[in-house]
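The values are calculated or read from the model by the stated rules, or taken from the named source; none is laboratory data. Fair warning: this is a prediction, and the values are worked out from it, not measured in the lab. Positions of Cβ are generated from backbone atoms using ideal geometry, with glycine treated the same way; all protein chains shown enter the neighbour counts. The area values use the complete protein model at the heavy-atom level, side chains included, leaving out ligands, DNA and RNA. Shrake-Rupley method; radii C 1.70, N 1.55, O 1.52, S 1.80 Å.
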Amino acid sequence: EADIYQTPRYLVIGTGKKITLECSQTMGHDKMYWYQQDPGMELHLIHYSYGVNSTEKGDLSSESTVSRIRTEHFPLTLESARPSHTSQYLCASSIDGTGEETQYFGPGTRLLVL
Amino acid sequence: AQSVTQPDIHITVSEGASLELRCNYSYGATPYLFWYVQSPGQGLQLLLKYFSGDTLVQGIKGFEAEFKRSQSSFNLRKPSVHWSDAAEYFCAVALGNTGGFKTIFGAGTRLFVKA
């Protein structure tokens, strides 16, 4: 059973609000990811991190930002939410460097921006 | 360009019937191959993975997958589907590059199970 947590699970918020989606893992994994998933669509990587103080943008352009101050914590922030940000956001982690790259996923945050 | 294709957007199977979900990838070398399952309202869970060796791999919940290099395929199978298998299934490949490994997910196949 993976020990990776996301809060909140569901969020409804108005346009222009600042939001932070939390992601924490207790497995000591170096590598962490944020994916955006729309219904019936593939997962799109929006951010990843190789470790503390390392963050990179993924394949899909996103207006969100991330930080990695602690190994276990990888929050995602939207400074000004818009309806186009409505989606499901999945956080994942994996052991870095082994090549196995099995990813462990959190339950996701479903975001609705009105 | 590297890609993962799951040709079936959704599949409906009767409970107790066999199941095969298709996955093809486009990549010059043999990547690491995965199948994940996502139940409603949940994150993805690893079903099985292939790195090397025996091309038939066993996973959790009675699933298996077969890697066929000549067809660039990694199809998922289950001999007898249970209603609890209704979920979305994602095929993924991990590709090595100078920056490490990058994982690409397919668009998913939604499985419906009818009684």
If the viscosity is 1.567 mPa s and the temperature 4 °C, what Stokes-Einstein diffusion coefficient in µm²/s follows for the protein assembly as shown when Rh is the Kirkwood radius over Cα pairs? 71
Output row, site residue B:83, 7 Å Cα→C-beta label point, backbone N cut-off 18 Å, window segment B:1-24, residues B:12-18
Leaving out ligands, DNA and RNA, what percent of the accessible area of chain A is carbon and sulfur, probe 1.4 Å? 52
Computed Kirkwood radius, in angstrom, where 1/r is averaged over Cα pairs of chain A: 14.0
Those residues of segment B:1-38 for which accessible area with every protein chain present is at least 20 Å² below the isolated value (1.4 Å probe): B:32, B:34, B:36, B:38
Given a 1.4 angstrom probe, I'd like the percentage of the accessible area of segment B:47-115 that is carbon and sulfur, rounded to a whole number. 53
Model label zone, residue B:39; criterion: amide N under 17 Å from point 7 Å along Cα-to-beta-carbon; scope segment B:58-81: B:60-63, B:81
Cβ-based charge dipole, segment A:54-114, positive-most Cα from A:77, A:94, A:61: A:77
Where A meets B: accessible area buried, both sides, 1.4 Å probe, Å²: 1600
Which order do A:41, A:27 take when ranked by solvent-accessible area (1.4 Å probe, heavy atoms of all protein chains), largest first? A:41, A:27
With a probe of 1.4 Å, find how much accessible area chain B has per residue, and write the answer as a whole number in Å². 47
With +1 assigned to the C-beta of every Lys and Arg and -1 to the C-beta of every Asp and Glu, and no other charges, what is the dipole magnitude of segment A:4-113 about the Cα centre in debye, to the nearest 20? 500
Which links in B:61/B:114; B:61/B:102; A:31/B:68; A:31/B:49 stretch past 21 Å when you go from one Cα to the other? B:61/B:102; A:31/B:68
When ligands, DNA and RNA are left out and all protein chains stay put, how many square angstrom of accessible area per residue does chain A have with a 1.4 Å probe? 47
Considering segment B:3-114, what Rg and Dmax in Å follow from its alpha-carbon atoms? 13.6, 46
